[in-house]
1. Normalising by the residue count of chain B, find the relative contact order in percent from Cα pairs under 8 Å and 6+ residues apart.
2. With a cut-off of 8 Å between alpha carbons and a minimum separation of six or more residues, what is the relative contact order of the stretch B:8-93 in percent?
3. Leaving ligands, DNA and RNA out of it, rank A:S84, B:S50, A:S135, B:S133 by accessible area with a 1.4 Å probe, largest first.
4. Just to be sure I understand: if you take the accessible area of chain B alone plus chain A alone and subtract the pair, with a 1.4 Å probe, what total do you get in Å², rounded to 100?
5. Determine which residues of the stretch B:35-49 fall in the zone a paramagnetic label at B:A55 would reach in this model, i.e. backbone nitrogen under 16 Å from the point 7 Å along Cα→Cβ.
6. Tally the DSSP beta bridges in the protein assembly as shown and give the antiparallel ones as a percent, rounded to 5.
7. So which residue, out of B:G75, B:G44, B:G113, gets the largest mean-square fluctuation from a GNM of chain B using Cα contacts under 10 Å as springs?
8. Over 5 Å intervals from 0, what percent of Cα-Cα pairs in the protein assembly as shown sits in each interval?
Protein chains: 2
Amino acid sequence: MEPRLSLITLGVPDVARARAFYVDGLGWQPLFEVPGEVVFLQVGHGLALSLFGAAALARDVDPDGTAVPAAAPAGVTLAHNVGSEAEVDTALADAVRAGGRLVKEARRAEWGGYHGYFADPAGTLWEVAFNPSWSVAADGAVTI
Amino acid sequence: MEPRLSLITLGVPDVARARAFYVDGLGWQPLFEVPGEVVFLQVGHGLALSLFGAAALARDVDPDGTAVPAAAPAGVTLAHNVGSEAEVDTALADAVRAGGRLVKEARRAEWGGYHGYFADPAGTLWEVAFNPSWSVAADGAVTI
């Protein structure tokens, strides 16, 4: 698993309120959004910040409500994007071999990609994802 | 305040254990570290991930133990690095004007820089920092 962080997701109580702060208040431009559901902002070279409903994020991580211990850090997940489904499987296996815990086995996602989640030893949640509608450059930079 | 995320800090219960996962397990190379206290890893162009003790992080954010509401997301802070002390003041003022809450007024930091913290409307903590020993390129990329 390459040393790469592609996306930080903030699970927020109110997406419209978060948008009002980052977009209307700070003037950061949305890259892509679904009104009231999710907003993606570019915050660096190949790096995106996502504003996503906290309940939707919790469902995305743990659809059955069984995998995430109560002690897991709330509200923020990190993502490592790769260029294929096979690379998702490889990166998740790398993380487990390194001492991470598989939280969500890799599977097809509603948004057309393929992803899974692992937790590091402190419980930080990392999504490993292949999104066919995003491009991943040779240096790992993601373009939405 | 420019749309830029420079550093993600994970406040972990055990820095050595976090290091064992990211460095020994995943093979990610430290950029800089103080053994047992903090480890910085490069995770993108101008982007660093820091493994820092949870108690030390809490003290850094809120030295008096009064500013952070209990509902604040635990364990993760985001940082926006700038090139001067004056830019720290400007960015914090921008964030407050946009509807953020000042959590730690800008001040000299033990590590030789100048920084403060604000919370976005959902409580996500952002540090705004000038670190004279880090360089900030024109595109915002930070080099440790």
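The values are calculated or read from the model by the stated rules, or taken from the named source; none is laboratory data. All figures in this text were calculated on a predicted structure; none of them were measured in a lab. Cβ sites come from the backbone with ideal geometry, for glycine too, and all protein chains shown count toward neighbours. With ligands, DNA and RNA removed, areas are computed over all heavy atoms of the protein, side chains included. Shrake-Rupley method; radii C 1.70, N 1.55, O 1.52, S 1.80 Å.
1. 25
2. For the stretch B:8-93, the relative contact order is 35 percent.
3. Reading off the accessible areas and sorting them downward yields B:S133, A:S135, A:S84, B:S50.
4. 2900
5. B:36-38
6. Roughly 70 percent of the beta bridges in the protein assembly as shown run antiparallel, per DSSP.
7. Per the Cα network of chain B with a 10 Å cutoff, B:G44 tops the list.
8. 1, 6, 12, 18, 20, 19, 14, 8, 3, 0
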